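Q: Got a structure here, written out as structure tokens. Questions coming.
The values are calculated or read from the model by the stated rules, or taken from the named source; none is laboratory data. Computed from a predicted structure; not experimentally measured. In this analysis, Cβ positions are derived from the backbone assuming ideal geometry, glycine residues included, and neighbour counts consider all displayed protein chains. For the accessible areas, the whole protein counts, side chains as well, though only heavy atoms, and no ligand, DNA or RNA atoms are used. Shrake-Rupley method; radii C 1.70, N 1.55, O 1.52, S 1.80 Å.
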Amino acid sequence: LGWVWQRVRAEATGRPVRQGKELRIPMAIDGHFWVDARINGRTVKFLVDSGATMTTIDRDTAAKAGVSVSETADQVVRTGNGFVRVARGRARQLNVGGIERDDFALHVTDNDDLNVLGMNFLSTLTRWGVEGRWLVLVP
């Protein structure tokens, strides 16, 4: 009964649930998976996007979280919304529901529309996948 109650509450609130080693993130009403992560201790809302090669944050988020960023946006990357210039960044720590990664590489963009948790995070996991309306992350 405990897991059922946690699941119902998580689906209503959008909050992830730990089940053993797994972190289960409920699908939002918009059909996406959203998670509050911590970059260098600062809470940041991310869209989980397996189509994104790199985890990407905007400059304002990088500044607030104390992320070290290269001075110039010297790379151009292709996104679902076209081409975007990005700078390289590094977070001392990225924490997603207790799954921690140190010295984590990021892209930093001048666009402030979205923070994306990409494949460079997902590929560090033992396993990840979608089960029904849940994204399951296994460290």
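Q: Among the residues of segment 101-113, count how many are touching an Asp or Glu at 6+ places or on another chain (Cβ under 8 Å) and open to solvent by 20 Å² or more (accessible area, probe 1.4 Å).
A: 4
Q: Does N95 qualify as being modelled with pLDDT of 95 or more, at positive phi and surrounded by 13 or more Cβ atoms within 10 Å (Cβ to Cβ)?
A: Taking the combined requirement at face value, the residue does not satisfy it.
Q: Quick one: is S50 closer than 22 Å to R18 by Cβ, among the polar types (S, T, N, Q) and without any contact (Cβ under 8 Å) to a residue 60 or more places away in the chain?
A: It is false that S50 is closer than 22 Å to R18 by Cβ, among the polar types (S, T, N, Q) and without any contact (Cβ under 8 Å) to a residue 60 or more places away in the chain.
Q: Looking at the structure I just gave you, is A52 open to solvent by less than 30 Å² (accessible area, probe 1.4 Å), assigned to a loop (DSSP other than H, G, I, E, B), in contact with a strand residue (DSSP E or B) (Cβ under 9 Å, 6 or more places away or on another chain) and within 23 Å of E131 (Cβ to Cβ)?
A: yes
Q: For segment 55-79, how many residues are closer than 17 Å to R92 by Cβ and assigned to a loop (DSSP other than H, G, I, E, B)?
A: 4
Q: Then there's this: Which ones in segment 12-47 are in contact (Cβ under 8 Å) with a residue 60 or more places away in the chain and under 9 Å from the mean Cα position of the chain (by Cα)?
A: Correct list: V35, A37, V44, K45, F46, L47.
Q: Same structure, new question: Take the residues in segment 21-46 that are out of contact with any Leu (no Cβ under 7 Å at 6 or more places or on another chain), open to solvent by 70 Å² or more (accessible area, probe 1.4 Å) and assigned to a loop (DSSP other than H, G, I, E, B); name whichever of them is nearest to H107 (Cα to Cα).
A: D30
Q: Which of the residues belonging to segment 51-70 are among the aliphatic types (A, V, I, L, M) and over 14 Å from N111 (Cα atoms)?
A: Listed by number, the residues that qualify are A52, M54, A65, V67, V69.
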